[in-house]
Amino acid sequence: MDNQFLMEIMDINEKLAEAQSEAAIIEFESIVRAKQEELTDNLSRAFEQDDFEKAKEILTKMRYFSNIEEKIKLKMIPL
């Protein structure tokens, strides 16, 4: 993983942890959904070009965002 990507993930995780309002959490959900859509498009292109190393890298990134999606879902559950 490149450092820029890992910094982005850390930043999103930190801000999500600090988010108090439902609106802020929904905003993160929207950001993550957009990132997942972008990565899905990139994954399709990588497979079309038989670039399996790139596909593997993209799938790893998608897993990071999937983990954030799970954190968002848990944060939305009222205690």
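The values are calculated or read from the model by the stated rules, or taken from the named source; none is laboratory data. Everything quoted here is computed from the prediction, not taken from an experiment. Remember, those area values only see protein heavy atoms, side chains included, never the ligands or the DNA or RNA. Shrake-Rupley method; radii C 1.70, N 1.55, O 1.52, S 1.80 Å.
Considering only protein heavy atoms and a probe of 1.4 Å, how much of the accessible area of the chain is carbon and sulfur, as a whole percent? It would help to have the intermediate numbers written out before the result.
Details: 3020 of 5810 Å².
For the chain, the apolar C and S fraction of the accessible surface comes to 52 percent.
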Query - Pairwise Lys count, the chain - Cα closer than 18 Å, eight or more residues apart or different chains - result: 10
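Give me the 1.4 Å probe accessible area per residue for the chain, excluding ligands and nucleic acids, in Å².
Details: 5810 Å² over 79 residues.
Value for the chain: 74 Å² per residue.
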Query raised in the report: Hey, what did the chain get for relative contact order, percent, Cα under 8 Å, at least 6 apart?
Result: 37 percent
Query raised in the report: So what are the ³J(HN,Hα) numbers for segment 29-43, from phi and the Karplus equation (6.51, -1.76, 1.60; θ = phi - 60°), rounded to whole Hz, Gly and Pro as x?
Result: 4, 5, 4, 5, 4, 5, 5, 5, 5, 4, 5, 4, 4, 5, 5
Requested in this report: Using only the alpha carbons of the chain, determine the length spanned along each of the three principal axes and report them from longest to shortest in whole angstroms.
Outcome: 46, 22, 16
**Report entry** MRE, 222 nm, helices only [DSSP H, n ≥ 4, -39500 (n - 2.57), over the chain, to nearest 500]
**Finding:** -30000 deg cm²/dmol
